[in-house]
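Single-structure report; data block below.
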Amino acid sequence: MHTDNDSASFWEKHYSRLDARWGTTANTVLTGLVGALAPTPGTALDLGCGHGGDAIWLAARGWDVTAVDIAPTALARVAEAARGAGVGDRVHPARHDLARTFPAGEFDLVSATYFHTPVDIPRAQVLRRAAEAVAPGGLLLVVEHASVAPWSWQAGEDVRFPTAEEALAALDPGEGWRTERCHSPRRTATGPQGRRATVTDNVLALRRAL
Ligand SMILES: C[S@@+](CC[C@H](N)C(=O)[O-])C[C@H]1O[C@@H](n2cnc3c(N)ncnc32)[C@H](O)[C@@H]1O
């Protein structure tokens with residue numbers, strides 16, 4: 001159980017202790033959905049980018065990505081990894097506490113993959129703000145945990161996750177959206193030290209009308 005109630009110090013401490021290689025591979029749910037639903041690159045906003053696996057994968061496919069996180073160590077690693085991958089000019093790390101500030105502008109793709117935190121933040125409000133940042137015709141992707149991995153900070157806790165339909169209802173982006181995906185697929189996840197487990201995600205993909 002963590003006792004730190006400050007997002008910035010919690011996550012900075014987390015990343016300063018974390019192996020820099022962890023989280024540098026793109027999420028397979030995101031890569032599949034982008035391939036299927038947003039094959040033409042444009043501008044992307046990655047919320048809670050961590051070590052930047054998704055952001056760098058997108059940039060390598062031509063997207064211009066604003067990669068947002070609260071942890072300076074994570075953002076410095078994203079910048080370095082982007083340069084190393086030859087996409088430093090297409091990945092723009094940006095530090096925000098999304099509970100307080102949000103990047104300006106509209107984006108063709110806004111993604112939040114596992115934007116979870118043990119710190120109490122207005123997460124639903126952040127995701128609604130994320131929807132507002134989607135350009136007409138653009139896509140909002142939310143991939144979130146719907147089960148507890150054995151290496152999670154919630155391991156051993158009796159957690160009730162919303163169903164995908166409940167997550168969609170909480171997001172409630174209003175009129176002018178088409179639901180492209182709203183489901184809870186299972187996948188094999190790999191955790192620290194190579195541990196593997198079957199986990200469930202909630203996956204929401206919403207298209208904003210033109
Ligand atoms: C569970 S990690 C997921 C990281 C990455 N998206 C992934 O899928 O591996 C959650 C991320 O959200 C970031 N985060 C948590 N609270 C935040 C906040 N208030 N503002 C911005 N980023 C935050 C953390 O630093 C962390 O990188």
### Message
Condition first: at pLDDT 95 or above, part of a loop (DSSP other than H, G, I, E, B), surrounded by fewer than 17 Cβ atoms within 10 Å (Cβ to Cβ) and within 18 Å of the chain's Cα centre (by Cα). Now tell me which residues in segment 173-203 satisfy that.
### Response
185
### Query
Could we say that residue 143 is without any contact (Cβ under 8 Å) to a residue 60 or more places away in the chain, among the hydrophobic types (A, V, I, L, M, F, W, C) and under 26 Å from residue 19 (Cβ atoms) here?
no
### Task
Check 71, 36 and return the single one that is surrounded by 15 or more Cβ atoms within 10 Å (Cβ to Cβ) and of a type in the set (A, V, I, L, M, F, W, C).
71
### Message
Looking only at segment 20-39, count every residue that is over 11 Å from residue 139 (Cα atoms) and within 16 Å of the ligand (Cβ to nearest atom) and tell me the total.
### Response
13
### Message
I need the full set of residues from segment 98-113 which are surrounded by 15 or more Cβ atoms within 10 Å (Cβ to Cβ) and of a type outside the set (Val, Ile, Thr), in order please.
### Response
98, 99, 102, 103, 107, 108, 109, 111, 112
## Note on the structure
Only one of (1) surrounded by fewer than 21 Cβ atoms within 10 Å (Cβ to Cβ); (2) of a type outside the set (Val, Ile, Thr); (3) in contact with a strand residue (DSSP E or B) (Cβ under 8 Å, 6 or more places away or on another chain) does not apply to residue 11, and that is (1)
### Message
Take the conditions surrounded by 17 or more Cβ atoms within 10 Å (Cβ to Cβ), of a type in the set (Asp, Glu) and either within 13 Å of the ligand (Cβ to nearest atom) or in contact (Cβ under 8 Å) with a residue 40 or more places away in the chain (or both) and apply them to residue 6. Does it pass?
### Response
no
### Message
Taking the conditions exactly as written (under 22 Å from residue 57 (Cα atoms), more than 11 Å from the ligand (Cβ to nearest atom) and either under 15 Å from the mean Cα position of the chain (by Cα) or touching a residue at least 24 places away in the same chain (Cβ under 8 Å) (or both)), does residue 130 satisfy them or not?
### Response
yes
#### Entry: Extreme residue, farthest from the ligand (Cβ to nearest atom), among residues of segment 98-122 that are under 15 Å from the mean Cα position of the chain (by Cα) and hydrophobic (A, V, I, L, M, F, W, C)
107
### Task
Test each condition in (1) of a type in the set (Gly, Ala, Ser); (2) part of a helix (DSSP H, G or I); (3) crowded, with 17+ Cβ neighbours inside 10 Å; (4) modelled with pLDDT under 95 for residue 81 and report the one that comes out false.
(4)
### Task
Sort through 170, 146 and tell me the only one that's on the phi < 0 side of the Ramachandran plot, away from the ligand (no atom under 12 Å from the Cβ), loosely packed, with under 14 Cβ neighbours inside 10 Å and among the aliphatic types (A, V, I, L, M).
170
### Summary
Per the list (1) part of a helix (DSSP H, G or I); (2) out of contact with any Lys or Arg (no Cβ under 7 Å at 6 or more places or on another chain); (3) among the small types (Gly, Ala, Ser), residue check on residue 67 breaks on (1)
### Task
Being more than 16 Å from the ligand (Cβ to nearest atom) and either aliphatic (A, V, I, L, M) or under 19 Å from residue 204 (Cβ atoms) (or both) is the filter here, so list the residues in segment 40-74 that pass it.
60
### Query
Pairs, please: C-beta under 6 Å, at least 6 apart or cross-chain, first residue closer than 21 Å to residue 177 by Cα and in segment 100-123, second of a type in the set (D, E, K, R)?
111/46; 113/54
### Task
Go through segment 1-39 residue by residue and tally those that are aliphatic (A, V, I, L, M), assigned to a loop (DSSP other than H, G, I, E, B) and under 21 Å from residue 203 (Cα atoms).
2
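The values are calculated or read from the model by the stated rules, or taken from the named source; none is laboratory data. Quick caveat: nothing in here was measured; it's all calculated off a predicted structure. With ideal geometry, Cβ positions are generated from the backbone for all residues, glycine too; neighbour counts draw on all protein chains shown.
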